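Data first, discussion second: the structure below is written as structure tokens.
The values are calculated or read from the model by the stated rules, or taken from the named source; none is laboratory data. As the structure is a computational prediction, the values presented were derived from the model and not from experiment. We place every Cβ from the backbone using ideal geometry, glycine too, and count neighbours over all the protein chains shown. All accessible areas refer to the heavy atoms of the entire protein, side chains included, with ligands and DNA or RNA removed. Shrake-Rupley method; radii C 1.70, N 1.55, O 1.52, S 1.80 Å.
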Amino acid sequence: MLIRDETPDDIDAIHDLTSTAFKPMPYSDGTEAEIIRRLRAAGDLTISLVAEQDGEVLGHVAFSPVTIDGAQDGWFGLGPISVKPERQRQGVGKALIARGLELLRETGASGCVLIGNPDIYSRVGFSSDGQLKYLDLDTRLVQRIVLRGFPPSGTLRFAPAFES
Ligand SMILES: CC(C)(COP(=O)(O)OP(=O)(O)OC[C@H]1O[C@@H](n2cnc3c(N)ncnc32)[C@H](O)[C@@H]1OP(=O)(O)O)[C@@H](O)C(=O)NCCC(=O)NCCS
């Protein structure tokens, strides 16, 4: 399996994969694939990685800038992330996240945040201390990994593509 940056040829496969992977999820509002297109159009798709095997896109992860209490201080949001349903729980998501975090670290990012199931993301190093808030969500779902400096506190806001 190869983890690499997206190319223009991957765009439709990423869209289809994201729609398919999120469809059965109770927390999905069906907009995730479109969010990736909007991030790309807005220049906010800081990192977009695909997992490829035998020419097929098995997984994808996006990273985009976030603000905390209105400041963009080198923090990025992970997501959407998708793995083909028949290839889930085989380490594809973990490999995509590991590579994305490595790239963020190389560019001097402060860290990465996400909203998601702590059972999954604690396995790849994310945690919550309750200091980061997103809407009225349980702060245990609002997780981060610090790459440089101190753990953040305040109100998290994702790129505009997540809100339109
Ligand atoms: C979430 C998702 C991207 C994870 O990708 P994946 O390739 O299945 O995950 P991995 O196999 O790399 O697993 C990473 C870790 O999380 C754990 N994990 C994965 N899915 C899990 C689940 N549903 N419940 C609990 N733990 C889970 C794995 O056991 C693994 O931990 P380990 O290495 O210590 O065993 C994938 O399941 C997916 O596409 N889901 C549908 C779309 C979605 O919900 N996206 C995320 C929204 S927050």
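Ordered by residue, what ³J(HN,Hα) values in Hz, to whole numbers, does the range 145-155 give under the Karplus form 6.51 cos²θ - 1.76 cosθ + 1.60, where θ = phi - 60° and Gly and Pro are x? Those phi angles translate into 10, 8, 9, 7, x, 10, x, x, 9, x, 9 Hz. Averaging over all projection directions, the Cα-based convex hull of the chain occupies 9.0 nm² in the image plane. If Lys and Arg each add +1 and Asp and Glu each add -1, what is the summed charge of the other residues whose beta carbon sits under 14 Å from the beta carbon of I47? Around I47, the surrounding residues sum to -2. A straight chain from R4 to L141 at 0.36 nm per residue would run longer than the Cα-Cα distance by 46.5 nm.
Residues in the range 2-162 average 52 Å² of solvent-accessible surface per residue, probe 1.4 Å, ligands and nucleic acids excluded. The lysines within cross-link reach of K23, meaning a Cα-to-Cα straight distance under 21 Å and a gap of 8 or more places when in the same chain, are K84, K94.
Dividing the C-alpha radius of gyration of the range 1-61 by 2.2 N^0.38 Å, with N its residue count, gives 1.10.
At an R0 of 35 angstrom, the distance between the Cβ atoms of Q88 and R148 translates into a FRET efficiency of 0.65. In this structure, the amide hydrogen of V66, modeled 1.01 Å from its nitrogen in the peptide plane, lies closer than 5 angstrom to those of W75, F76, G77, counting only residues at least 5 positions away or on a different chain.
The packing ranking, built from the mean of other Cβ atoms within 10 Å per residue, places the peptides 21-32, 51-62 in the order 51-62, 21-32, highest first.
Rolled with a 1.4 Å probe across the full set of protein chains, the surface gives S19 an accessible area near 50 Å².
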